[in-house]
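So the structure is just underneath, and the comments pick up after that.
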Amino acid sequence: MQQGIWKPRLFFLPIFSAGVFFCFGIFFAATAQATEYSSASYVVKDPVLAPAGYATSAGYAMTMTVGQIAIGTSTPTVAGTVGETRSGFEYFPFVNRPTPSATAGAAQVSLSWTALTGVLGWTVSGYSVGQSTVSGGPYTFSAVGNVTSSVATGLANGTMYYFVIAAKDFFGNFIATSTEVSGTPVASAIPAPTPSTGGGGGGIVAPPVYETPTLPSIPITIPPFTLPPPGICRTVADLNCDGYVDIVDFSIMYYWYEKVEVPARVDLAADGVINLADFSVMAFYWYERNYL
Amino acid sequence: MIPTRTFIVAALLLVTTALSPRLLFAVETTTAQAAEITFSVTPEKAEVGKEVAVQFFLNTKQQSVNALSVEVTLSGGATLSRIRDGDSIIGAWLQKATTADPTHVSFSGIIPGGMVTAKGKILTLYIIPRESGALKLSVTGSTFPNDALAIATPLQSNSVSVQAVPASPKTSLPLAVVETGDTMPPQEITAHIYQNQEMFGGKLFVIMHAKDNESGVATFELLEIAERHSVTELSSDERLDWRVVDNPAPLSGAVGANFVYLRVTDRDGNATVIEVGHPIQLSPESTEQIYNKWFISVILMIVAGLLFLWLYRRSRT
């Protein structure tokens, strides 16, 4: 009977243990026990987490070092065997692949892709767009900078174009290439000019393009002004709490310009009305991102 | 029983203490030199029927100023023909100068972060004398020091006179060309869709911004339409249902119902169109937040463990 009651309560035991180990791991981490392990394709022998000369200064404190790191490779020197011996922990730099999408327009194709995330040593410094009229390439690459969208212009309407996005590291090496996307530019859907009276037989007007609207997709939600600002608000003038005081905050305040009954958070001059005095306070706290 | 004189002295002391920051500031503002508007007129002697450019500059008198409000009164027979404000020190206009009233122009805006300047360009008014004689432009207004106190300082009153002479077909004066024609469309356009339950009744709205370094941004127009169009062709489109909007501007459609285009036109008629696209995430989750989540998780686990221990001990007893 007693055991039956305790069965659900025992559920908390692993959670508690995990919490305790987590805390110990954070606050008392120093030397880790080495454990050898292996698989069919590799062997890790005598791994060591070694405390070294701990350094401290007024600005930082080093509490643990991990020694003997070596970069790894996923290609064995001899196929199917462990053919290479290196000391230290191996790690594998990784970068995911961009996921592209293409939207065709008049004589152009708009491309957008997901930003890549590099870990353990690979940092994406920019992208190149590869373009071809043949699926699978060869592609002609053009550097577009460290952006996640680009527009291929000057294309022939009615021709299918194929694109891939290549990510580059600091030295300009391609470190990841996306799957291929395609788009066929078409003539614009803007109505053709009205033919003049007495004109000729008339030309061929391209049919309007009716695509499924995909934009805009997700609006940015601004937190309510009636609530106290959350902790990430940079200053009192950061009305949307995005860490910046910029044109967005200016626009939000402008919405209440010369209105009465404004939210107290917007009324920076605390005089019951939004006027130039409030904008002056905002200008004092101005801190904008570099958009371009 | 407190003697009356003591009570009065105590009350005065209290009032003085409470108001001391404001009194101190009032003393400071009156002793500091007020900012003033200065002018540059091209050509100095105008002809009837020909444009005269009057450039407005701000002299902050060695103080940092972050907001400005100006009223211009134009007296004498003249017409206000156009305005250029693209290269202004004003970073964001609260009230843009317009030519709607031929004798009166008012404008205000902010200088983000403040500025100390002896000759910071604000804008250029172009006027055309209708008759010979003296034209006078008088300015009043106020500035705000770059602090968070929100206390205005009046501008030093100033004025400029322009002498207009009858037009002479033989000895024509130089034209009022202080800037070359603007052929560049607005640039650095940003527009994103936002939503807030207290703005526009919870409807979606667009916050937009653009720069035009020459004649200045004149209008923002929104187009919500079911089919996609080429932005190049939309820049000169006059057939579709564009709405002239102020910033911020509410959207009439729901999310995903329409393509949304923004057309920004400068004062010289050059236009740029962008598709209001995927909004960027302006606030990536900060490291501090992530740390807080982990910290809270650990605390919760410890609390759960302690609860478990307490229940366990209680059951044993």
Region B:212-241, residues that are in contact (Cβ under 8 Å) with a residue 40 or more places away in the chain and either under 24 Å from A:Pro224 (Cβ atoms) or part of a strand (DSSP E or B) (or both): B:Val217, B:Ala218, B:Thr219, B:Phe220, B:Glu221, B:Leu222, B:Leu223
Need the failing condition index for B:Glu188 against (1) within 22 Å of A:Val151 (Cβ to Cβ); (2) facing chain A (nearest Cβ under 9 Å); (3) under 19 Å from the mean Cα position of the chain (by Cα); (4) at pLDDT 90 or above, just the number. (4)
Among the strands (runs of 3 or more DSSP E) contained in region B:1-108, which hold 2 or more residues that are at pLDDT 90 or above, surrounded by fewer than 18 Cβ atoms within 10 Å (Cβ to Cβ) and not polar (S, T, N, Q)? B:36-42
Assuming A:Val248 fulfils every condition listed in (1) more than 10 Å from chain B (Cβ to nearest Cβ); (2) at pLDDT 80 or above apart from one, which condition is it? (1)
Could you please find all residues in region A:236-245 being within 9 Å of another protein chain (Cβ to nearest Cβ) and more than 16 Å from A:Leu276 (Cβ to Cβ)? A:Val236, A:Asn240, A:Cys241, A:Asp242, A:Gly243, A:Tyr244, A:Val245
In this structure, does A:Ile232 turn out to be within 7 Å of chain B (Cβ to nearest Cβ) and either within 19 Å of B:Pro250 (Cα to Cα) or modelled with pLDDT of 80 or more (or both)? no
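Out of the residues in region A:238-292 that are part of a loop (DSSP other than H, G, I, E, B), of a type outside the set (Phe, Trp, Tyr) and within 14 Å of B:Phe144 (Cβ to Cβ), which is nearest to the chain's Cα centre (by Cα)?
Keep residues of region A:238-292 that are part of a loop (DSSP other than H, G, I, E, B), which gives A:238-244, A:246, A:256, A:258-273, A:275, A:285-286, A:288-292.
Those still in the list that are of a type outside the set (Phe, Trp, Tyr) too: A:238-243, A:246, A:258-273, A:275, A:288-290, A:292.
From what is left, the residues that are within 14 Å of B:Phe144 (Cβ to Cβ) are A:268-269, A:271, A:275.
Values: A:Leu268: 33, A:Ala269: 37, A:Asp271: 41, A:Asn275: 38 Å.
Restricting to residues being part of a loop (DSSP other than H, G, I, E, B), of a type outside the set (Phe, Trp, Tyr) and within 14 Å of B:Phe144 (Cβ to Cβ), the top hit is A:Leu268.
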I'd like to verify a number: residues in region A:270-288 that are buried (at least 20 other Cβ atoms within 10 Å of the Cβ), facing another protein chain (nearest Cβ under 9 Å) and touching a helix residue (DSSP H, G or I) at 6+ places or on another chain (Cβ under 7 Å), how many? 3
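Can you name the residue in region B:270-312 that is modelled with pLDDT under 70, among the hydrophobic types (A, V, I, L, M, F, W, C) and surrounded by fewer than 17 Cβ atoms within 10 Å (Cβ to Cβ) and is also farthest from A:Asp249 (Cα to Cα) among such residues?
Within region B:270-312, the subset modelled with pLDDT under 70 is B:277-293.
Now narrow it down to the ones that are among the hydrophobic types (A, V, I, L, M, F, W, C): B:280, B:282, B:290.
Still in the running and surrounded by fewer than 17 Cβ atoms within 10 Å (Cβ to Cβ): B:280, B:290.
Numbers: B:Ile280: 16, B:Ile290: 25 Å.
My answer is B:Ile290.
So that you can scan it fast, the table gives a plain yes or no per residue for (1) among the acidic types (Asp, Glu); (2) at pLDDT below 85; (3) over 27 Å from the mean Cα position of the chain (by Cα):
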{"site": "A:Thr133", "(1), (2), (3)": "no, no, yes"}
{"site": "A:Gly137", "(1), (2), (3)": "no, yes, yes"}
{"site": "A:Gly154", "(1), (2), (3)": "no, yes, yes"}
{"site": "A:Asn157", "(1), (2), (3)": "no, yes, yes"}
{"site": "A:Tyr161", "(1), (2), (3)": "no, no, no"}
{"site": "A:Ala187", "(1), (2), (3)": "no, yes, yes"}
{"site": "A:Pro195", "(1), (2), (3)": "no, yes, yes"}
{"site": "A:Thr221", "(1), (2), (3)": "no, yes, no"}
Could you check how many residues of region B:109-148 are outside any strand (DSSP E or B) and buried (at least 20 other Cβ atoms within 10 Å of the Cβ)? 1
Looking at A:Asp169 and the list (1) buried (at least 17 other Cβ atoms within 10 Å of the Cβ); (2) modelled with pLDDT of 80 or more; (3) not polar (S, T, N, Q), which single condition is not satisfied? (2)
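The values are calculated or read from the model by the stated rules, or taken from the named source; none is laboratory data. Just so you know, these numbers come straight off a predicted model, no measurement behind them. Every residue, glycine among them, receives a Cβ derived from its backbone with ideal geometry; neighbour counts consider all protein chains shown.
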